[in-house]
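Comments concern the structure below.
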Amino acid sequence: MPEEALIVVDMQRDFMPGGALPVPDGDKIIPKVNEYIRKFKEKGALIVATRDWHPENHISFKEQGGPWPKHCVQGTEGAEFVVELPEDAVIISKATEPDKEAYSGFEGTNLAEILREKGVKRVYVCGVATEYCVRATALDAVKHGFEVYLLSDAVKGINPEDEKKALEELEKAGVKIL
């Protein structure tokens, strides 16, 4: 059983430059994330990919009074992954209900149960955006009792100052920054 899992957070088209809700230079980490996926897969670790998988009328969209432009709508090009995931990767869809927001891959999903069933003790987190979904996923992983590592060369934030604050908060919570 794999004791380790790589959690790839929201590496989707709409979060890349040119997408509906781009993370500046988010595309620059794609090669690094792909490299981690290959390395973790080779050593038998579980590969998990979280994704925003919003219905058309999601509460987070400006049209519904939310803060964000429409993004990562279920079944659209914008919701597609931009990294090379293995066929057996576990896909976790979040924020799938119109009236519920979810930044963390654990929120409203069975991710914690899947990790426990597979015997995972340590999780390594990468992806976008550092101060939003990466932060929330890493903090929830700690809350669920996993040993958590952040792969700092494979995350990108939106605002450098907010990203720095998020990294400090993660360290205080027990996340090891690699």
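A short reminder: the numbers here are calculations on the coordinates, not readings from a lab. Owing to the predicted nature of the structure, the values given are computational and were not obtained by experimental measurement. Cβ placement follows ideal geometry from the backbone for every residue including glycine, while neighbour counts extend to all protein chains displayed.
Side notes on the structure shown:
- Inter-site label distance for Glu161 and Thr76 at 7 Å from Cα along Cβ, in nm: 3.1 nm
- In terms of its alpha-carbon gyration tensor, the chain comes out rounded; the largest-to-smallest axis ratio a/c stays below the 1.5 threshold.
- With respect to the chain, whose longest principal axis is taken over its alpha-carbon atoms, helix 160-172 is tilted by about 40°.
- Global geometry of region 19-72, whether rounded, prolate or oblate, following the gyration tensor of its Cα atoms and the 1.5 cut on a/c: oblate
- The angle between the Cα long axis of helix 30-42 and the main principal axis of the chain comes to about 40°, on a 0 to 90 degree scale.
- Adding -39500 (n - 2.57) for every DSSP H run of four residues or longer, then dividing by how many residues the chain holds, sets the calculated 222 nm ellipticity at -7000 deg cm²/dmol.
- Rounded Å value of the spacing that divides the Cα centres of region 111-166 and region 1-57: 11 Å
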